[in-house]
Structures are given as structure tokens and as C-alpha cells.
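Working notes for the structure below.
Coordinate-derived values only; no laboratory data. Just so it is clear, the structure is predicted and the values come from calculations on it, not from any experiment. Counting neighbours? That spans all protein chains shown, and the Cβs are built from the backbone with ideal geometry, glycine included.
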């Protein structure tokens, strides 16, 4: 079976990385290869890393805001530079009423506090495009 | 992957597309037959880049040192490739590849390509695919190639079979002069770096390493491995490490050792590939039950059984297929 490669990143100035690390660990334990970028990345850095790592999934984490600008920017750059087959997902403290706009902008799913790790992993397994 | 798609991918690669280079590395890494086909073509274009291996214990600062060295090489306008290996879980097959955390600023540099890889079962400190990724990045036109091993303790010496210059990164506080004198990884360093040199006992470690090195010529040549102090996150001392690399390179080139060392490495690599092919052939449908029963009944000893197996293989045509 082909191994799923996931880039886990934090964009913007938000340094709260607990969530991102928990998710990275969960993906690891689900048998995936997780590339963690660390905090304070620009959308451009995230996408450049995603390209070189040839990932199937880009996972973005946010706690203290900025996601409404930064997540769509990443999704746009991923689509432009890598094509449609890369799944972009997000998670963290994100108000319910902002989720539709994020989805509209190309974030395939947004996982809020309390989401089970299994739900996120299942989503990735279901939606990763392995045709390429 | 069809031949048309493959041809297109190669064209994009030659035009300098990082996406194409990244996809080729993925194909090679997952043992896709298309990857092997591409590698065959790229191999003739490789061999131009100079390969630097970075090894040492977990947390010694390999990625941070690599980041600093790459930045210095970028000031000289060199194109640089980095292959960074972290461990794959033997339990789940998953991996957390965290070397990029120390190299964030390099992501956007158009002349730098960084790839993280899991060991995927190899225990020697590198993955099989790391060697192939180096070939890909070499053919991509990188002047310098860094290969960073997993956190290595004592016997992970694979990197010496891959790199022209091996940098062994150590840190104070891990052990005494006996540790520095042990066989294995301490024998493969062309340059020794004592990182985190602002910590206590750094000078003691320098002395341990120097006295070990002075006791015996470890290599087949006149090169005396220097012991250099760095504080990699600040960049302190890193210029001296780069100077050391260049001095070692000059030494290898002027003495002609670069040719003999590379040939020796290629010999080892070909033998390794033979082992892989044989292993693959043996695990694929070899009817060993009868032989095993005979060994179990003590009619046959394992050595003779193995020879029988090898003989039965040599008659068959080995297909050009990826192990």
C-alpha cells in the first residue's frame, strides 16, 4: 500500500503548536509519513515545502486567528502550483460561522476542538487521491 | 505510469521543475517501476555533485548545522540539495520527519531542494531511497548534496558508503574518552564537529576526540580529521566547518583518492543491490518448504541448503524489475 505523506504546518505568527504536534503524532501512529515544518511559516514557505516533499495532504493548524486569510492563501497556492489532487485540511480554534468560507476557498475540511483523532485520520484515508 | 507521462515528467525535470524532481523521488522511493526507469536515465547525468554526509547522535544539531552550511554555500551561489532521513516506526510504518523545522528559511530558496525521508526499514542510518534521491538531485544540477542520517549512535555507518566527506557531529555530555574510542561511527568521520560548544565540557570532548584521532590513522590516506567547535544555531564556527569540507575535498581530488573512494563505494553499492535482488527473488515464491523440512530433520545443514537455493536462482533470468 502506498504510504500517505502529510505536511503539518502552522502559518502566521501564532505559536501555539500543541495541536499541530498532537495531530502530527496521530498521523504518524496511523502509519503515515508526517513532515512537520514548525511554527511561524508563511503560506509560500508551506507550499514550497509541500512541493519538495511531494505530499498528498497539507494540514494547517491555528489557534489565535489569522486562519481566515492564511488558510485560503495556502489552498490557492497549493492548487496553482501542485494541482487539485493535494488535499488541504485545517483545524484548531475556528468559529463555526467562518467554516463555510474556508471550505469555499478550498479547505476540504475544518476540524474544531473535540474532534476525535480517528475522525481526522479516517477523513484523510477516505479523501486522499492516490491516482497519481 | 505510461511512457508519455514519464517522458513529460523527465522534460519538466530537465526544465528545472521542483515538482517534477519531487515526484521522481516519490516514484523511486515507493519502488515504482517508472522510478527505476527514470533513474536509469538520470544516472548518466549524476556524479557531478559533491556529497557531504552529516551524522551524529539524535539532538546533536545535524539539521541546524546543515541549515547553516547550506546558507554559506548559497552565499557562494551554489545549488544545494538536502536529503534528511528520520526513523520510520517499525511498529506502524509511520514517521515524524522533523528536520525541516531547522531549515524553514531555506524552503523558499529557488536553488535549494530539501527532501525528508523515513528509513522505511533500513537500519544503517539511511534509507535505500536516500541514495537514489541523491542521484536524482545530483542530476537536477545540485553542486553540493547533503545527506543527513537519523540520529546515529555507534554502528550506523551507511553514510560513509554514500558521502565524499563525512561530518560527525557530537555534543558534550554524552560520554567519556572510551565512547570516543569505540569502533564504528567514530571511524568514519572526515571532520569532527563538537556542537553546542557553549556548554560545559566542550573542550574536554574536543580533547577526547583529538587524542583518539591522534592514536591512529583511521583512513587510508594522510588526512588528519580536524575537530571543530560550533554553536550551530548562531552560525558560530560553521565557516570553519565549510573550510574543512573544502580542504578535505581538495585533499581527495589532489591525491586522486576521490576516484578510488568513489569506486569502492560503487562496488559496495552494486553488491548491496545484488543482495536486495537475491532477497527479493528468494522471498518471491521460492519453494523452500521441502528444503526446510530436510534441514529440520537434520538431513541437510543450513549452509548447504542456502547454497542449493542460490544455485537454483542463478539459472533463472533476473528481470529488470525493482526490488
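Taking every DSSP beta bridge with both residues inside the stretch B:1-152, roughly what % is antiparallel (nearest 5)?
Bridges in the stretch B:1-152 are about 5 percent antiparallel.
Only helical DSSP H runs with n ≥ 4 go in: add -39500 (n - 2.57) per run for chain A, normalise by residue count and round the 222 nm mean residue ellipticity to 500 deg cm²/dmol.
Calculated at 222 nm, the ellipticity per residue is -13000 deg cm²/dmol.
Over chain A, what is the mean sequence separation of C-alpha contacts under 8 Å (at least six apart), divided by residue count, expressed as relative contact order in percent? Please list the in-between numbers first.
Working: 225 pairs, mean separation 33.8, N = 132.
Taking the mean separation of contacting Cα pairs over the length of chain A, I get 26 percent.
Rg/Rh for the stretch B:270-314: what does it come to with C-alpha atoms and Rh from Kirkwood?
Expressed as Rg/Rh, it is 1.03.
On the principal axes of its Cα set, how long, how wide and how thick is the stretch B:199-300? Give whole Å, largest value first.
For the stretch B:199-300, the Cα spread along each principal axis is 63, 37, 31 Å.
Have a look at the DSSP beta bridges in the protein assembly as shown and tell me what percent are antiparallel, nearest 5.
5
Could you please tell me the mean projected area of the C-alpha convex hull for the stretch B:1-140, averaged over all directions and given in square nanometres to one decimal?
8.8
Nearest 5 is fine: what % of DSSP beta bridges in the stretch B:46-255 come out antiparallel, could you say?
Antiparallel: roughly 5 percent of the beta bridges in the stretch B:46-255.
Counting pairs of alpha carbon atoms under 8 Å apart in space and at least six apart in sequence, what relative contact order in percent does chain B give?
18
Would you kindly calculate the translational diffusion coefficient of chain B, applying Stokes-Einstein with the Kirkwood radius from alpha carbon pairs, for 20 °C and a viscosity of 1.002 mPa s, and quote it in µm² s⁻¹ without decimals?
Reported coefficient: 100 µm²/s.
Give me the Kirkwood hydrodynamic radius of the stretch B:42-94 in Å, from all C-alpha pairs, to one decimal place?
Values: mean 1/r = 0.0734 Å⁻¹.
About 13.6 Å, per the Kirkwood formula over Cα pairs.
Given 4 °C and 1.567 mPa s, how large is the Stokes-Einstein diffusion coefficient of the stretch B:1-44 in µm²/s, with Rh as the Kirkwood radius over Cα pairs?
In µm²/s, the coefficient rounds to 128.
Roughly speaking, what is the centre-to-centre gap between the stretch B:1-54 and the stretch A:12-67 when only Cα atoms are used, to the nearest Å?
What the calculation gives is 26 Å, centre to centre.
Take each of the peptides A:109-120, B:242-253, A:60-71, B:20-31, average the number of other beta-carbon atoms within 10 Å over its residues, and list them starting from the highest.
Per-residue mean Cβ counts within 10 Å order the peptides as B:20-31, A:60-71, B:242-253, A:109-120.
What do you get for Rg/Rh over the stretch A:59-125 if you use C-alpha atoms and the Kirkwood form of Rh?
0.95
Using alpha carbon coordinates only, what is the Rg to Rh ratio of chain A, with Rh defined as the Kirkwood radius?
Looking at chain A, the ratio lands at 0.91.
Cα convex hull of the protein assembly as shown: mean projected area in nm², to one decimal?
Average of the hull's projected areas for the protein assembly as shown equals 25.4 nm².
Quick check for you: which residues of the stretch B:100-133 have the amide N under 16 Å from the point 7 Å beyond the Cα of residue B:272 toward its beta carbon?
B:117-133
What value, in deg cm²/dmol to 500, does the helix sum -39500 (n - 2.57) over DSSP H runs of n ≥ 4 give at 222 nm once divided by the residues of chain B?
Here the helix-only value at 222 nm equals -14500 deg cm²/dmol.
Applying 1/(1 + (r/R0)^6) with R0 = 41 Å to the Cβ-Cβ distance of residue B:14 and residue B:203, what FRET efficiency is obtained, to the nearest 0.05?
Result of the calculation: an efficiency of 0.25.
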